[in-house]
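S.K.: One structure coming up, written as structure tokens, with questions to follow.
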Amino acid sequence: MNFESRADASGAFHAASQAQPNIALVKYWGKRDTALNLPAVGSISITLDSLWTRTEVRFVPGQKQDVVSLNGRSDEAEAKRISACMNLLRQRAGVDYGAEVASHNNFPTAAGLASSASGFAALVHAGARALGLDLSLAEQSVLARRCSGSAARSIFGGYVEWTHGQLADGTDSVASPLLDAEAWPLRVAVAITSKAAKQVGSTEGMRRTADTSPYQSAWVDTQETDLSVARNAIHARDFDALAQISEYSCLKMHALAMAAQPGLLYWNGATVECMHRVRALRQQGVPVFFTVDAGPQLKAVCAPSAIEQVKDALRDVPGVLDVLDTGLGAGARAIPVGELAR
Ligand code: DP6
């Protein structure tokens, strides 16, 4: 492979990429293979636009270790996951260069805001380009999936489905777009109810759930129907149908996780109050529904005309610290090197 054209003045190979978090409407929870990070169920998500991760990767020939900076800080646990992810790319390229990785999020990290999804999508996108690997988006999605499942979906924009897949090697467990963001430009208000890192991460939460929750098999058995209902709602732009199936999938996932031992309780009081507020708005005819991932933040998905009313209502809930507002956006893409925090 000829790296010369990509090397900077010091002989290193670098690239930078941006990816946005995605929010699952039909949730991924559980793995059929932990080594390859294959999901027990398929899932459907929306990719956001104004929240982002920007990541710069520099592979340095002769360097043995990876050096990782996340929002200007080092984090040992995350650095390990990032090195494991870079190993997949190094294997693919047949090199052993150490990497310098710098990543910046413009939203709270590790508090249930899908930072691993945007983080690993941006990392795979930038790392593959830095090494001159010519990977299709589907191949990038498979690699991102191995680093963090939900990252498979952030490679793509708009409405995205990640399939469970049948093959043992996982090459068919890949995300693909269902509908462009512009074709149905819903908005999302994110109620931040805590800025603390969650106590039990998704990987550990899924393991505990599969090992101990009595509802695990019912969850897996009912997912195909939920996916088909959501897919149809998206293709028909049927807001009410999407609202029903999304809240159902969210509450079902949390019920499953709450029934683990010890039970996983990702919500705080404000999360629950926000759910009631969203349902009250919908009863008044406002097109809005909620979803919550493995953390206490509530995401309210609504029609563009309803966004100000939804934000005002969430801001009014005691315990809500902040309300972010975003549309739906594009998938992972290249950005100029040196523009990380801009
Ligand atoms: C609740 O993708 O973070 O957000 O594959 O173990 O890295 P790992 O898990 P992760 O799990 C996301 C779980 C979820 C639901 C979803 O995004 O579908």
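The values are calculated or read from the model by the stated rules, or taken from the named source; none is laboratory data. Remember, it's a predicted structure, so these values are computed and weren't measured experimentally. With ideal geometry, Cβ positions are generated from the backbone for all residues, glycine too; neighbour counts draw on all protein chains shown. To get the accessible areas, we keep the full protein, side chains included, count just its heavy atoms, and leave off ligands, DNA and RNA. Shrake-Rupley method; radii C 1.70, N 1.55, O 1.52, S 1.80 Å.
S.K.: Can you report the number of residues in segment 223-241 which are surrounded by 15 or more Cβ atoms within 10 Å (Cβ to Cβ) and polar (S, T, N, Q)?
M.R.: Qualifying residue count, segment 223-241: 1.
S.K.: When segment 142-166 is examined, which residues are found to be more than 22 Å from Glu204 (Cβ to Cβ) and either more than 12 Å from the chain's Cα centre (by Cα) or within 12 Å of the ligand (Cβ to nearest atom) (or both)? Working first, answer last.
M.R.: Residues of segment 142-166 more than 22 Å from Glu204 (Cβ to Cβ): 142-143, 155-161, 163, 165-166.
Listed by number, the residues that qualify are Val142, Leu143, Gly158, Tyr159, Val160, Glu161, Thr163, Gly165, Gln166.
S.K.: Taking the conditions exactly as written (closer than 22 Å to Asp226 by Cα and modelled with pLDDT of 95 or more), does Ala152 satisfy them or not? Steps first, answer last, please.
M.R.: Numbers: closer than 22 Å to Asp226 by Cα: yes; modelled with pLDDT of 95 or more: yes.
Spelling it out, Ala152 is indeed closer than 22 Å to Asp226 by Cα and modelled with pLDDT of 95 or more.
S.K.: Starting from segment 274-297, take each residue that is within 19 Å of Ala241 (Cβ to Cβ) and list its partners that are modelled with pLDDT under 95 and in a loop (DSSP other than H, G, I, E, B), counting only C-beta distances under 7 angstrom and pairs at least six apart or across chains.
M.R.: No pair meets every condition.
S.K.: Give segment 242-275 a look and list any residue that's open to solvent by 30 Å² or more (accessible area, probe 1.4 Å), charged (D, E, K, R) and either within 16 Å of the ligand (Cβ to nearest atom) or not in a helix (DSSP H, G or I) (or both), or say none.
M.R.: Lys252
S.K.: A further question on this structure: Out of segment 44-80, which residues are open to solvent by 70 Å² or more (accessible area, probe 1.4 Å) and either under 30 Å from Ala300 (Cα atoms) or among the acidic types (Asp, Glu) (or both)?
M.R.: Glu76
S.K.: Going through Ala77, Ala122 one at a time, which residue ends up being part of a helix (DSSP H, G or I), of a type in the set (Gly, Ala, Ser) and under 15 Å from Ser150 (Cα atoms)?
M.R.: Details: Ala77 fails: under 15 Å from Ser150 (Cα atoms).
Residue meeting the stated conditions: Ala122.
S.K.: Among the residues of segment 1-36, which ones are in a loop (DSSP other than H, G, I, E, B), open to solvent by 10 Å² or more (accessible area, probe 1.4 Å) and within 16 Å of the ligand (Cβ to nearest atom)? It would help to see each step written out before you state the result.
M.R.: Pass one, segment 1-36, residues in a loop (DSSP other than H, G, I, E, B): 1-3, 8-12, 20-21, 27-30, 34-36.
Retained after the next criterion (residues that are open to solvent by 10 Å² or more (accessible area, probe 1.4 Å)): 1-3, 8-11, 28, 34-36.
Residues satisfying the conditions are Tyr28, Thr34, Ala35, Leu36.
S.K.: Please enumerate the residues belonging to segment 194-217 that are at pLDDT 95 or above, under 15 Å from Asp293 (Cα atoms) and not hydrophobic (A, V, I, L, M, F, W, C). Show your work before the answer.
M.R.: In the first step, residues of segment 194-217 are kept if they are at pLDDT 95 or above; the result is 204-217.
Cutting the leftovers down to under 15 Å from Asp293 (Cα atoms) gives us 204-206, 209.
Listed by number, the residues that qualify are Glu204, Gly205, Thr209.
S.K.: Another one. Go through (1) out of contact with any strand residue (DSSP E or B) (no Cβ under 6 Å at 6 or more places or on another chain); (2) surrounded by fewer than 22 Cβ atoms within 10 Å (Cβ to Cβ) and name the single condition Ala102 misses.
M.R.: Among (1) out of contact with any strand residue (DSSP E or B) (no Cβ under 6 Å at 6 or more places or on another chain); (2) surrounded by fewer than 22 Cβ atoms within 10 Å (Cβ to Cβ), the lone unmet condition for Ala102 is (1).
Okay, residues lined up against (1) within 23 Å of Asp8 (Cβ to Cβ); (2) modelled with pLDDT of 95 or more; (3) touching a Pro at 6+ places or on another chain (Cβ under 6 Å); (4) not basic (Lys, Arg):
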position	(1), (2), (3), (4)
Lys64	yes, no, no, no
Arg73	no, no, no, no
Glu76	no, no, no, yes
Ala84	no, yes, no, yes
Arg90	yes, yes, no, no
Ala93	yes, yes, no, yes
Asp96	yes, yes, no, yes
Ala99	yes, yes, no, yes
Asn106	no, no, no, yes
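S.K.: Could you tell me how many of the residues in segment 166-175 are surrounded by 18 or more Cβ atoms within 10 Å (Cβ to Cβ) and more than 30 Å from Gly327 (Cβ to Cβ)?
M.R.: Initial filter on segment 166-175 (surrounded by 18 or more Cβ atoms within 10 Å (Cβ to Cβ)): 170, 173-175.
Applying the additional criterion that residues be more than 30 Å from Gly327 (Cβ to Cβ) yields 170.
Looking only at that region, the number is 1.
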